[in-house]
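Engineer: Following this message is one structure expressed as structure tokens.
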Amino acid sequence: MIKTIKIGKKSVPLDNNTGWALIYRDQTGQDILPSLLPILSMLMSTFAEIVDEVGGVKEASVDDFIKAIADVDVISKLYSLEFSDLIYLTWSLAKTADASVPDPMTWLKELGEFPLDVIVPEVFSLLLKGLVSSKNLKRLEALKKQIQPKIESTLTQLSLQASKED
């Protein structure tokens, strides 16, 4: 699915075809999954809030979820992500939509700005539509409960390692 978003004065098409994950890996030398786990955790927390608000999983839809992402303070919940992860993720989606997109540094210079409050909800909603079906939202909530302790433990270990390196 291709979605065009406005970044500054520029219209930027983004494509959630899962080929973006390979583009991300080729550019960064790292798989996207370690960066996506905190995002999925945050999204599942948001989903749980929506389920409570609308009265159950059967009543909650992907569209409800996507609308809510724009309404919650998404950026403050991404404390474990690096800014560069968000840049490379967005760039990878743009590169998937248009193979002529230049390298990330040139692309950022062309954009002139990178407003997280605009970009993050759009990117996450696009990822959600590409990675999660409506019927699997309930299963993802159960998965979140299982992996949350592992995610928190991993993030704590990474934080400790980073502080030791400083």
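Engineer: Which pairs in the list 6/109; 3/109; 109/129 are over 19 Å apart, alpha-carbon to alpha-carbon?
Structural biologist: Table pairs above 19 Å Cα-Cα are 3/109; 109/129.
Engineer: Residues with beta-carbon under 14 Å from that of residue 24, excluding residue 24: net charge, scoring Lys, Arg +1 and Asp, Glu -1?
Structural biologist: Cβ neighbours under 14 Å give a net charge of -4.
Any read-out appearing in this document is the output of simple, stated calculations on the displayed coordinates, not a laboratory observation. What you are looking at is a predicted structure, and each value in this text was computed from that prediction instead of being measured. Cβ sites come from the backbone with ideal geometry, for glycine too, and all protein chains shown count toward neighbours.
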